[in-house]
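Asks: Handing you a structure now.
The values are calculated or read from the model by the stated rules, or taken from the named source; none is laboratory data. Only a predicted model underlies this, so the values are computations on that prediction, with no experimental measurement involved. Here the Cβ positions follow ideal geometry from the backbone for every residue, glycine too, while neighbour counts run over all protein chains shown.
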Amino acid sequence: MEKLFKLKENGASIRTELVAGLTTFMTMAYIIALNPNLLTNFDVGSALWNGVFLATCIASAIAMFCMAFLANKPFALAPGMGLNSFFAVVVANIAGLTGMTYVASFQAALVIILIEGVVFIILSILNIREKIVEAIPLGVRLGIAPAIGIMLMNIGLGSNAGVYSETGGPFFVMRDFFGALTPSVAQSTMGSGYSAMVLQVVTMFIGLFVIVLLAKKGIKAAVLLGMLAASVIYWAGSFIFLKVNPFETLATASFLPPFKDMAETTLFKFNFQGFADIGWFTVITLVITFCMIDMFDTIGTLVGTASRAGMVDKKGNMPNMKEALLSDAIGTVAGACTGTSTVTTFVESASGVEAGGRTGLTALTTGVLFLACIFIAPIAAIIPAAATSSALIYVGVLMLMSLKNVKFDDMDQMVPIALMLIGMPVSGSIGHAIGLGLISYTVIKVFSGKFKEVSVLTYIISALFLVKFFLIV
C-alpha cells in the first residue's frame, strides 16, 4: 500500500483512507439509483433501467480505479448530475426527431458520449486540458471552492432532503419548512408530507451538529460517524413517528445483478445509424455542449477540492492534474461502452477529503464499494437523504473558508467571485459558474485598459462560453 499510494508522504494512513472512501461513498451513493431513474424516465425494473444501473456502478468503479492508480488522488467519479438530465432530454429529442424507440435513441446518444470521451482522452494526453486549467485566472480559482461550498449547502438544505405528499412535491427544507411563515402554513402546504419533513430537518441538523462536535475534538471519522448517527435517528423516527419500516424493501429486494438485461440494452450497444440520422450540425453542437459542461465541472471540482485539502502549489496548480483529467476521460469512455451518460469527478469527493482522504486509496475504496453495489444495492438504498445532507452542509461550510484568501477590495477578483457564488447553486453547474466568472473577469480587464493581463486562452474560453450561453440551445 505504501509503495502504491505513498501514504506517509501524503500524511495519510490506511485506516483514514478507508474511512474517507466510505464517507465519500455514503454521500454519493444516491447516484446509483438516481442515475438510471433519470436516464430511463423512472422506468424502474425495465431491461434498460437494469442496464443503466449496472453501467453506473461499473463505469464509476473503472474511473475511480484509474484515479487511484494513475493520479493517486482521493477523488470519486460517477455519471454527473445535470449532465445525465441533459442526456435524457437529448434522448427524448432524438426519439421525437427520428421516430426511433427510446432504447434505440438512447443507444444513438451513447455514440455522442463515446466521442466526447475520446476527445477528452486526446486532449488530456496532449496536456491541452491541463493548460486550460492553468489559464483560469487566480481570482476565478479562489472563487471555485467557496462557490462549490454554497452549492453543497444548497443541495443539503434543498433538493437532497426533498419529500413528496399527496399535495405535490418535492418539498424542500429551506423553502417549505424554514421558508414558511408559520408551522401551520408549512403543514397545510405539505399535507401528509409535513411529518416526514420535520423528521428530515431534525435528522439533518442533529447529524450536522454531531459532525461539528466530533470534528472539534479532532476525530477524523467525524463526517462518517455523524452520518451514521443521523441514519439511526431517521430509522428510529420512521418506526415511531411515521409508522414506516425503513428496512421493508430489503425483504423483497433482489441481490442478483441483471447482467443479461445489460448485455441486451446497453453494453457496447452503439446505434451508429441512428446517430447519423440526427444530423451533423446537431451532433457537433451536442458534442461541444457536453464537452464544455463536463470539462469545467471536472476542473472546478478538482481545483476547488484540492485547494481545500492543501493539495495545490503556490500557483494554485494540483500535481498529477493530467492523470486526474485522463481518469475522468477514461471514465466517460467506459460509461459510453457500458451504457450511461458522462462520467465526471463528483463534488461529494470533498466529504472524503474532509475525512482525511489524501491518496488514491480513498478513490479505490469508493470504487470497490460501487462495484459491491452490483450485489448490495438495496442496502445502499436505505441510507436516508437527510444523513447525507448533514455531511454536505458541513463540508460546504468548510469550503467557504477559502474566501479568506480573496482580496475583497479588488473588484477584478470580487465581481467574478460574487457572480460564481450565486451562479453555481442557482444553475446547479460548476462549469456554467466558472464560465460566468471568466466572462466577467475578461470584460472587466478589457474595459479597464488591462487587456494585456488576460491570457489568449482565457479570451478563447470566455468566447466559447458566450457562444454556449447565447447561441447553443
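Asks: So which of Thr338, Thr345, Thr332 is polar (S, T, N, Q), within 20 Å of Tyr30 (Cβ to Cβ) and at pLDDT 95 or above?
Replies: Thr338
Asks: Tell me, which residue of segment 413-431 that is in contact with a Ser or Thr (Cβ under 8 Å, 6 or more places away or on another chain) and modelled with pLDDT of 90 or more is surrounded by the fewest Cβ atoms within 10 Å (Cβ to Cβ)?
Replies: Filtering segment 413-431 for residues that are in contact with a Ser or Thr (Cβ under 8 Å, 6 or more places away or on another chain) and modelled with pLDDT of 90 or more, the one surrounded by the fewest Cβ atoms within 10 Å (Cβ to Cβ) comes out as Val415.
Asks: Where in segment 264-380 are there helices (runs of 4 or more DSSP H), lying wholly inside it, with at least 1 residues that are closer than 30 Å to Ile14 by Cα and outside the structural domain of Leu464 (by TED's automatic domain parsing)?
Replies: Where helices (runs of 4 or more DSSP H) fall fully within segment 264-380 and carry at least 1 residues being closer than 30 Å to Ile14 by Cα and outside the structural domain of Leu464 (by TED's automatic domain parsing), they are 280-309, 321-338, 349-354, 360-380.
Asks: Run Gly168 past the list (1) farther than 25 Å from Val244 by Cβ; (2) at pLDDT below 85 and report the number of the one that doesn't hold.
Replies: (1)
Asks: Identify, from the list Ala229, Ala180, the residue that is part of a helix (DSSP H, G or I), of a type outside the set (S, T, N, Q) and either within 30 Å of Gly352 (Cα to Cα) or without any contact (Cβ under 8 Å) to a residue 60 or more places away in the chain (or both).
Replies: Result of the check over Ala229, Ala180: Ala229.
Asks: Limited to segment 292-334, what total is found for residues that are within 15 Å of the chain's Cα centre (by Cα), within 30 Å of Lys269 (Cα to Cα) and either surrounded by fewer than 24 Cβ atoms within 10 Å (Cβ to Cβ) or of a type outside the set (A, V, I, L, M) (or both)?
Replies: 8
Asks: Of everything in segment 451-473, what is touching a residue at least 40 places away in the same chain (Cβ under 8 Å) and in a helix (DSSP H, G or I)? Give them in sequence order.
Replies: Hits for segment 451-473 are Leu457, Thr458, Ile461, Leu464, Phe465, Lys468.
Asks: Inside segment 392-408, can you point out the residues that are surrounded by 14 or more Cβ atoms within 10 Å (Cβ to Cβ) and in a helix (DSSP H, G or I)?
Replies: Result: Leu392, Ile393, Tyr394, Val395, Gly396, Val397, Leu398, Met399, Leu400, Ser402, Leu403, Asn405.
Asks: For segment 202-214, does any single residue satisfy the condition of being among the small types (Gly, Ala, Ser), in a helix (DSSP H, G or I) and modelled with pLDDT of 90 or more?
Replies: Among the residues of segment 202-214, at least one is among the small types (Gly, Ala, Ser), in a helix (DSSP H, G or I) and modelled with pLDDT of 90 or more, which makes the answer yes.
Asks: Out of segment 1-19, which residues are farther than 11 Å from Thr365 by Cβ and among the acidic types (Asp, Glu)?
Replies: Glu2, Glu9
Asks: Looking at segment 183-209 only, could you name the residues that are free of Cβ contacts under 8 Å to residues at least 40 places away in the same chain and of a type in the set (Gly, Ala, Ser)?
Replies: Within segment 183-209, Ser184, Ala186, Ser188, Gly191, Ser192, Gly193 meet the criteria.
Asks: For segment 294-315, what are the residues that are farther than 13 Å from Arg141 by Cβ and at pLDDT below 80?
Replies: Those that are farther than 13 Å from Arg141 by Cβ and at pLDDT below 80: Ala309, Gly310.
Asks: Would you pick out the residues in segment 23-50 that are surrounded by 22 or more Cβ atoms within 10 Å (Cβ to Cβ), within 21 Å of Ala222 (Cα to Cα) and not β-branched (Val, Ile, Thr)?
Replies: Phe25, Met26, Met28, Ala29
Asks: Please work out which residue is farthest from Met151 (Cα to Cα), limiting yourself to segment 176-188 and to residues that are modelled with pLDDT of 80 or more and surrounded by 15 or more Cβ atoms within 10 Å (Cβ to Cβ).
Replies: Checked segment 176-188; the qualifying residue farthest from Met151 (Cα to Cα) is Gln187.
Asks: Touching a residue at least 40 places away in the same chain (Cβ under 8 Å), in contact with a Leu (Cβ under 7 Å, 6 or more places away or on another chain) and under 28 Å from Asn50 (Cα atoms): is that true of Ile393 in this structure?
Replies: When the stated conditions are applied, Ile393 does not pass them.
Asks: Continuing with this model, one more query. With the condition kept exactly as written, say whether any residue in segment 358-372 is of a type in the set (Lys, Arg), modelled with pLDDT under 95 and surrounded by 24 or more Cβ atoms within 10 Å (Cβ to Cβ).
Replies: Within segment 358-372 (the criterion being of a type in the set (Lys, Arg), modelled with pLDDT under 95 and surrounded by 24 or more Cβ atoms within 10 Å (Cβ to Cβ)), the answer is yes, since at least one residue qualifies.
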